[in-house]
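Colleague: Structure in structure tokens, see below.
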Amino acid sequence: MATTTNVGSGTGTSFISGLSSGIDWSSIVNQLIAVDQQSVTLVSNQQTNYQAKLQAWQSFNTQLLSLKTAADALNDPDSYNVFKTAMSTDDSTVQAGSLISASADTSVSPDSYTINVVNLATAQKLSSNTFADATSPIGSSYSGTVINGKTLTVSSTDTLADVADSINNLNAGVTASVLNYSTTDHRLIITSTATGSQGISITNDLFGWKVAGNEIVPAQNATVKIDGVTVTKSSNTIDDVIPGVTLNILNADNGKTTINLGITRDTDTIKNSIKTFVTDYNNVMSYISTQSSYDTTTNTTGGVLFGDGTLLSVKSDLTSAITKPIWGVNSQFSILGLAGINLDNKGQLSVNDTTLTNYLQTNFNDIVSLFAGQGTTSSNSLAYIAHTQNSQPGEYTVHIDTAAKQSTSNPSQSVGNLLSGETLTIKGNIRADISLTQNMDINDIIDAIKTAVSAQTLIGSAQLQQNDSSPITVGTAWNNIKNATLQNGDVINFSGTDRSGGSVTGSYTINDVATDTVQGLLTAVENAFSNNVTASIDASGRISVTDKSSGSSQLALAIGEPSGRGLDFGTVLSTNTGGQTGGLSLDITASNDGSDHLVLTNNSYGSKSFTISEDNHLLWNSDQTVNNGADVAGTINGEDATGAGQILTGKSGNANTEGLSVKYTGTATGDAGTVKLTIGTADLFDRTLFNITDPYSGYVTFKETSLQNSIDNFTTKINRMNDQIAQKKEQMTNEFVAMETALTNIQNQSNWLTSQTTAAANGWKSL
């Protein structure tokens with residue numbers, strides 16, 4: 001049977017197989033090529049198998065990373081310092097949340113307290129005497145009133161509104177506005193930006209603010225009783241009485257209601273972290289078990305990684321970590337099974353909730369030690385800082401050869417008042433040229449230096465008030481903001497840039513306008529900026545955001561309040577009153593030695609130096625290089641250590657203390673005490689899983705890389721084999737075509753000769 005065959009890969013010419021020869025050589029070629037193609041199929045099947053193994057390892061690595069994340073959450077001792085507050089009252093008709101809100105940070109201790117709210121802190125609010133006309137000039141005779149030490153200047157053309165603007169621009173700690181009670185009764189109202197009994201100081205009172213009956217809101221401190229002890233504060237936010245607890249006073253009832261505040265460990269959160277670890281561990285071990293299983297009935301393996309040596313190594317490493325007793329802890333809690341976390345004969349963990357809960361209540365520190373990697377020291381001057389993957393558990397003596405010191409300048413000449421201007425130049429990590437003016441005293445000079453190295457501060461332009469017209473605080477509930485009609489579920493969006501100019505976005509949702517407070521928004525802002533800023537409300541009710549680092553900063557914030565709700569924080573800028581553009585990032589502190597001598601001190605301990613120079617030498621007789629600081633020097637466990645400031649760290653290669661860091665704050669040399677390092681189960685898993693999953697050196701990574709390289713090599717081999725087969729097919733085809741061509745030519749010649757012979761024979765017949 002003849003078939004049409006393409007001749008040559010580049011000719012595009014067709015030839016009919018067997019046209020001349022009668023042989024179907026095209027089928028013969030295809031059959032021969034099919035035999036060769038079987039070897040390609042074998043290699044392709046191998047590649048498919050390796051691809052399946054790679055996908056299996058990638059899936060397994062995801063589970064391992066999840067387990068590492070769960071272990072990391074249990075490895076940090078601070079992650080166990082979670083607390084919750086609960087409040088009740090002795091009056092069933094009064095809810096505790098209507099009087100106060102309470103929050104606890106990680107430094108609190110479980111305890112209980114009784115609280116009675118006697119009265120709120122209020123900001124003094126004063127009214128002037130009546131003015132018959134609000135739009136006419138009041139005359140310059142009102143100039144000269146002193147408000148909180150700031151003198152008010154009034155020109156002859158100023159109206160009441162102009163005076164209010166002048167007061168607001170005084171930065172005297174008050175805000176001013178004009179109230180129009182009637183067409184003939186207009187008054188200038190001033191309100192202290194700070195709550196508390198100190199109130200507003202006014203001398204030469206030309207407006208009648210101190211006239212009897214003109215006090216609209218009296219200056220008053222907040223008064224509460226905590227465990228029967230009366231506490232008086234100028235603010236409604238009290239965060240310095242109960243360590244780690246912030247109380248926000250919302251309302252007062254003259255102490256009639258007793259609030260019971262309980263602070264307990266949030267054991268549910270801790271248990272959930274442990275249970276997450278257990279679940280992730282079980283998932284990993286189940287995966288290994290499935291892959292390693294074999295069905296003798298069907299003679300099939302459980303997965304493509306059956307018999308894989310690396311998989312078995314992972315299993316061995318994890319099993320060792322889960323069963324290894326922890327050194328340095330209470331022997332009754334040295335393995336997980338003693339704490340209610342049991343391992344069965346199938347390699348699966350389970351949690352006895354009752355047992356674990358009881359131990360979290362009775363043996364909390366033992367449970368932390370069982371899981372976390374942590375260090376403790378025997379001396380107040382010695383503090384554990386950190387350790388690394390290569391630090392070994394043990395108790396080690398810290399020996400100090402040299403105590404750390406700060407570089408500190410010699411005291412300047414006694415500074416009275418500068419007789420002329422001076423330029424002070426300080427060079428540390430950067431250069432600061434500070435202009436000092438004539439008549440500056442020591443305090444002015446210190447302030448000038450502080451301003452030069454200040455941190456950027458953004459201030460909102462709007463002064464928000466509570467419903468009683470006092471400035472809002474961090475503890476103000478959202479339904480207590482004057483002129484705002486916020487609702488549950490409202491969202492406040494914000495955006496900006498961090499100090500480096502990186503984009504920052506975030507949002508805060510008001511879940512309950514009656515109990516959620518402004519602090520929630522401030523916390524959301526801090527979190528969005530990775531806690532590199534401090535967000536607060538200043539004494540006048542304005543939002544304030546301060547960079548935690550001094551120096552030049554691109555810090556910016558814009559707040560998008562919910563539409564139509566009457567909430568407006570205004571523009572948040574460093575140029576608003578009270579704001580501060582970031583100064584120079586100079587790690588220097590200026591101080592007075594007590595005798596009006598200026599002293600400059602490097603904030604950091606260690607050998608860093610700085611220089612001081614002046615144009616006129618009004619402070620020091622000569623320029624100087626300040627380099628009298630020193631890094632700590634010593635050993636840990638007799639092994640070499642590197643000092644940086646007050647931090648001493650075991651050197652790389654140490655048998656026991658590599659990467660173990662301690663901070664020494666003392667001044668004496670010799671043995672400073674001991675540091676005891678405990679490596680808990682979570683820390684063991686962190687180390688083990690690092691060696692398994694590290695993207696650079698982990699042996700799962702090596703396995704994946706090896707498989708991928710093999711897959712790539714298979715691809716190269718398959719392409720090469722296909723090219724060879726294509727060339728072979730083309731060569732055989734061309735040879736058969738050449739045969740057909742030759743046969744065709746022979747047949748053509750034969751036909752021509754036959755025709756010539758026939759013609760000749762016919763010619764002879766005709767003669």
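Colleague: Describe numerically, in nm with one decimal, the distance between label points set 7 Å from Cα along Cα→Cβ at I16 and at N722.
Modeller: 3.3
Colleague: Quick one: the Cα spread of the range 210-343 along its three principal axes, in angstroms, biggest first?
Modeller: 101, 35, 25
Colleague: So the label point goes 7 Å from the Cα of T534 along Cα→C-beta, right? Which residues of the range 52-88 then have their backbone N under 17 Å from it?
Modeller: none
Colleague: Expressed as a rounded percentage, what relative contact order does the range 307-458 have, with Cα pairs under 8 Å and six or more residues apart?
Modeller: With pairs under 8 Å counted, the relative contact order is 12 percent.
Colleague: While we're on this one: Only counting other Cβ atoms within 10 Å, I'd like T674, T575, T175 sorted with the fewest neighbours first.
Modeller: Fewest to most other Cβ atoms nearby, the residues stand as T575, T674, T175.
Colleague: Quick check on the range 381-457: take the gyration tensor over C-alpha atoms, sort the square-rooted eigenvalues as a ≥ b ≥ c, and tell me if it's rounded (a/c under 1.5), prolate or oblate.
Modeller: prolate
Colleague: Per-residue HN-Hα couplings for the range 430-441, Karplus 6.51 cos²θ - 1.76 cosθ + 1.60 at θ = phi - 60°, whole Hz, x for Gly and Pro?
Modeller: 9, 10, 10, 9, 10, 8, 10, 10, 4, 6, 5, 9
Colleague: Where does the chain land at 222 nm, in deg cm²/dmol rounded to the nearest 500, when only DSSP H runs of n ≥ 4 count, each adding -39500 (n - 2.57), divided by all residues?
Modeller: Computed ellipticity for the chain at 222 nm equals -10000 deg cm²/dmol.
Colleague: By counting other Cβ atoms within 10 Å of each Cβ, how are I430, I543, I442 ranked from fewest to most?
Modeller: The most exposed by this proxy come first: I430, I442, I543.
Colleague: Further, regarding this structure: Return a whole-number percent for the relative contact order of the chain, with Cα pairs under 8 Å and 6 or more residues apart as the contact set.
Modeller: So the answer I get is 17 percent.
Colleague: Still on this model: Looking at the range 125-217, I'd like the Rg to Rh ratio, where Rg is from alpha-carbon atoms and Rh is Kirkwood's inverse mean 1/r.
Modeller: 0.93
Colleague: To continue, here is another question. In whole Hz, what ³J(HN,Hα) sequence does the range 78-91 give by Karplus (6.51, -1.76, 1.60; θ = phi - 60°), x for Gly and Pro?
Modeller: Couplings: 5, 5, 8, 8, 10, 9, 9, 10, 9, 10, 8, 10, 8, 10 Hz.
Colleague: Taking +1 at the Cβ of each Lys and Arg and -1 at the Cβ of each Asp and Glu, which of T376, N352, S313 sits farthest along the dipole of the range 284-380 towards its positive end, judged by Cα position relative to the Cα centre?
Modeller: T376
Colleague: Enumerate the amide H contacts of V174 below 5 Å, restricted to partners 5 or more residues apart or on another chain; note that Pro and chain-start residues carry no placed amide H.
Modeller: Long-range HN contacts for V174: T193.
Colleague: Pull up all non-local amide H partners of N429: gap of 5 or more, or a different chain, and H-to-H distance under 5 Å with H placed in the peptide plane.
Modeller: Here D587 satisfy the definition.
Colleague: I want the local charge near G650. Using Cβ-Cβ distances under 13 Å, sum +1 for each Lys or Arg and -1 for each Asp or Glu among the other residues.
Modeller: Result for the neighbourhood of G650: -2.
Colleague: Further, regarding this structure: With unit charges on the beta carbon (Lys/Arg positive, Asp/Glu negative), name the residue among L152, N116, I216 whose Cα is farthest towards the positive pole of the charge dipole of the chain.
Modeller: In the chain, that residue is N116.
Colleague: Separate question: Computed over the Cα atoms of the range 38-169, what is the ratio Rg over Rh, Rh following Kirkwood?
Modeller: Ratio of gyration radius to Kirkwood radius for the range 38-169: 1.48.
Colleague: Pull up all non-local amide H partners of N81: gap of 5 or more, or a different chain, and H-to-H distance under 5 Å with H placed in the peptide plane.
Modeller: Those lying under 5 Å, H to H, from N81: there are none.
Colleague: Here are some pairs, K68/K703; K548/K651; K84/K346; which of them have Cα atoms lying more than 26 Å apart in this structure?
Modeller: K548/K651; K84/K346
Colleague: Now a separate question. With angles folded into 0 to 90 degrees, how steeply does helix 353-362 sit against the dominant principal axis of the chain? Use alpha carbons for both and round to 10.
Modeller: Tilt of helix 353-362: around 40 degrees.
Colleague: May I pose another question? Out of every Cα pair in the range 19-88, what percent are spaced more than 21 Å from each other?
Modeller: The calculated P(r) of the range 19-88 puts 67 percent of pairs beyond 21 Å.
Colleague: Just to confirm a number: summing +1 for Lys and Arg and -1 for Asp and Glu over residues other than T93 whose beta-carbon lies under 12 angstrom from that of T93, what do you get?
Modeller: Result for the local shell: -2.
Colleague: Mind jotting down a quarter of the surface of the convex hull over the alpha carbons of the range 618-722, in square nanometres, one decimal?
Modeller: Here the figure is 15.1 nm², rounded to one decimal.
Colleague: Which three lengths, in whole Å and largest first, does the range 454-583 cover when its Cα atoms are put on their principal axes?
Modeller: For the range 454-583, the Cα spread along each principal axis is 39, 25, 22 Å.
Colleague: Right, another one. When only Cα pairs under 8 Å and 6 or more residues apart are kept, what is the percent relative contact order across the range 125-217?
Modeller: 39
Colleague: Select from V284, T297, I263 the residue farthest towards the positive end of the dipole of the range 248-307; place +1 on Cβ of Lys and Arg, -1 on Cβ of Asp and Glu, and compute about the Cα centre.
Modeller: Positive-most Cα among the choices belongs to I263.
Colleague: Which three numbers, in whole Å and largest first, are the semi-axes of the equivalent ellipsoid of the chain derived from its Cα gyration tensor as √(5λ)?
Modeller: Calculated on Cα positions only, the semi-axes equal 77, 40, 34 Å.
Colleague: Report, to one decimal in Å, the Kirkwood hydrodynamic radius for the range 689-767 based on all distinct Cα pairs.
Modeller: With all distinct Cα pairs of the range 689-767 included, I get 18.8 Å.
Colleague: Using the Karplus curve 6.51 cos²θ - 1.76 cosθ + 1.60 with θ = phi - 60°, work out ³J(HN,Hα) for each residue of the range 41-50 in order, rounded to whole Hz, and write x for Gly and Pro.
Modeller: Karplus-based 3J(HN,Hα) across the range 41-50 equals 4, 4, 5, 4, 5, 4, 4, 4, 5, 5 Hz.
No lab work stands behind these numbers, since they all come straight from the coordinates. The structure presented is a predicted model; accordingly, all values stated were derived computationally and were not measured. Because the Cβ atoms are built from the backbone with ideal geometry, glycine has one as well, and the counts that use them run over all protein chains shown.
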